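These notes concern the structure reproduced below.
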């Protein structure tokens, strides 16, 4: 009986980290940027916390493949990797763009050469974040307006590839997220 109890307790202890991670992920805060509805929605698990409308994205919309300077916002799943509270756009929440999936796709479709991909991986390994100077571009994030015109923000997609919200909204978003928060752009 004692042996069965010890085995059961050991199994429970081994399962606890996986269970804790599943519970944590279900309750984690994450962000959905939906270009079609011009919204940024903050969730805790599957429960909506707040929704911001309208948002602005790149002048040329959202695209799965982005190149430096093309004025599109990349779609995909990202993580917040930096928070700059001294930005020209009030607050800047930097994303891990281009992420590994996008770098691999760029290599597969010939946008990245094998040496470009190797440089990407080397930089990522050394710094723990993607390089910002690739042909895919960089410095993509979510930011406020700073001194930008709020009326322009309400009427047009005006960024060079980022997601923009009002200064008040970026203040609120910054209260709810942290480094590592998942951001899905579609």
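Each reported figure results from applying straightforward, stated rules to the coordinates on display, with no laboratory input. Please read all numbers here as calculations on a predicted model, not as lab measurements. Here the Cβ positions follow ideal geometry from the backbone for every residue, glycine too, while neighbour counts run over all protein chains shown.
Here are the numbers for the structure shown:
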item: Hits in region 83-107 - residues which are in contact with a helix residue (DSSP H, G or I) (Cβ under 6 Å, 6 or more places away or on another chain) and crowded, with 20+ Cβ neighbours inside 10 Å; result: 90, 91, 103
item: Candidate set: region 153-186, residues that are surrounded by fewer than 12 Cβ atoms within 10 Å (Cβ to Cβ) and without any contact (Cβ under 8 Å) to a residue 60 or more places away in the chain; chosen: the one nearest to residue 49 (Cα to Cα); result: 175
item: Breaking point among (1) under 22 Å from the mean Cα position of the chain (by Cα); (2) outside any loop (DSSP other than H, G, I, E, B); (3) surrounded by 12 or more Cβ atoms within 10 Å (Cβ to Cβ), for residue 125; result: (3)
item: Region 42-57, residues that are closer than 17 Å to residue 94 by Cα and either outside any strand (DSSP E or B) or within 15 Å of the chain's Cα centre (by Cα) (or both); result: 42, 55, 57
item: Any hit, region 85-99, residues being closer than 15 Å to residue 137 by Cα, touching a residue at least 60 places away in the same chain (Cβ under 8 Å) and not in a loop (DSSP other than H, G, I, E, B); result: yes
